[in-house]
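First up is the structure itself, then whatever we jot down about it.
Please treat every number below as a calculation from the coordinates, not as lab data. Everything quoted here is computed from the prediction, not taken from an experiment. All Cβ positions, even for glycine, are placed from backbone atoms using ideal geometry, and neighbour counts span all protein chains on display.
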Amino acid sequence: MAISAYSELVTAAGNWLRRSDLDARIPEFIALAEARFRRVLPTIESEVTDDLTVNAETVALPADYLQLRAIHLDTDPRKPLDQMTLAALRTFYAAQTVGEPQAFALTGSSIVFGPAPDAAYTAKITYLAKLTPLTDASPTNWLLADHPDIYLYAVLLQAEFYGWDDERLPMIKAALDEAIAELTAQSNRKRSSASPQRLRSSVIEVL
């Protein structure tokens, strides 16, 4: 059977487990698998580019933000922002209260700009987004659509761990680790295959 939606994944997991006593636990196994995915799948498929309104010194990051890839002010010409630690940002811009932002620091679920903006600016932010959890209301995401085997292996691993099937655990974990490694390698090839890179002034430029 095809595995392209949440309900189909639940059914497939039940078919593979062949243990009706675990059926009620399958949604829990899926949620635990997704918790692991958020830690080990920072792939190009999860990259998102969006506008961020910079109208205060501290601005909330997108709700699905996981990891920053790039940010610049959407001006003409566009202006990349320098990343600093929060302590360095506070020290460097201590005397300059407002102006066009030149740098930023990440703290918790927010981004802090220095100097504080003197007007509303638009920043383009590219980041790795958290994987959208599967539910009946949100039945698919990019990982299930393109790599249903990874989802299935991860769910089976959680189920076997719950049931402490020592014989199957290593086999399923090996299959899952191999599939994740293949996806990560594929993602790295996509990110770097467009053109060669060269190092100039300590910045990697894409030719």
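Values computed for the structure shown
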{"item": "Region 57-125 - Kirkwood radius from inverse mean 1/r over Cα pairs (Å)", "result": "12.3"}
{"item": "Positive-end extreme of charge dipole, the chain - chosen from Tyr93, Leu73, Ala120 (charges on Cβ)", "result": "Tyr93"}
{"item": "Per-residue [θ]222 nm for the chain (sum of -39500 (n - 2.57) over DSSP H runs n ≥ 4, rounded to 500)", "result": "-12000 deg cm²/dmol"}
{"item": "Karplus 3J(HN,Hα) series, Hz, for region 10-22 with 6.51 cos²θ - 1.76 cosθ + 1.60 (x for Gly, Pro)", "result": "4, 5, 4, 4, x, 5, 6, 6, 6, 9, 5, 6, 9"}
{"item": "Dipole magnitude of the chain about its Cα centre (Cβ charges: Lys, Arg +1; Asp, Glu -1), debye to nearest 20", "result": "600"}
{"item": "Reference-scaled alpha-carbon Rg (2.2 N^0.38 Å with N residues) for region 78-168", "result": "1.80"}
{"item": "Karplus-derived 3J(HN,Hα), 6.51/-1.76/1.60, for each residue of region 125-136, Hz, glycine and proline x", "result": "10, 10, 8, 7, 9, 5, 5, 5, x, 7, 8, 4"}
{"item": "Euclidean distance between Cα centres, region 14-60 to region 103-149, Å", "result": "13"}
{"item": "Hull-based mean projected area of region 1-47, where the convex hull spans the alpha carbons, in square nanometres", "result": "4.0"}
{"item": "Nearest-ten-degree value, helix 26-40 long axis tilted from longest Cα axis of the chain", "result": "40"}
{"item": "Formal net charge of residues neighbouring Gly114 (Cβ-Cβ distance under 13 Å; K, R +1; D, E -1)", "result": "-3"}
{"item": "The chain - Rg over Rh from alpha carbon coordinates, Kirkwood radius", "result": "1.09"}
{"item": "Calculated on alpha-carbon atoms, Rg and Dmax of region 1-114 in Å", "result": "21.5, 67"}
{"item": "Residue among Ile26, Pro170, Ala5 farthest towards the positive dipole end of the chain, charges placed on Cβ", "result": "Pro170"}
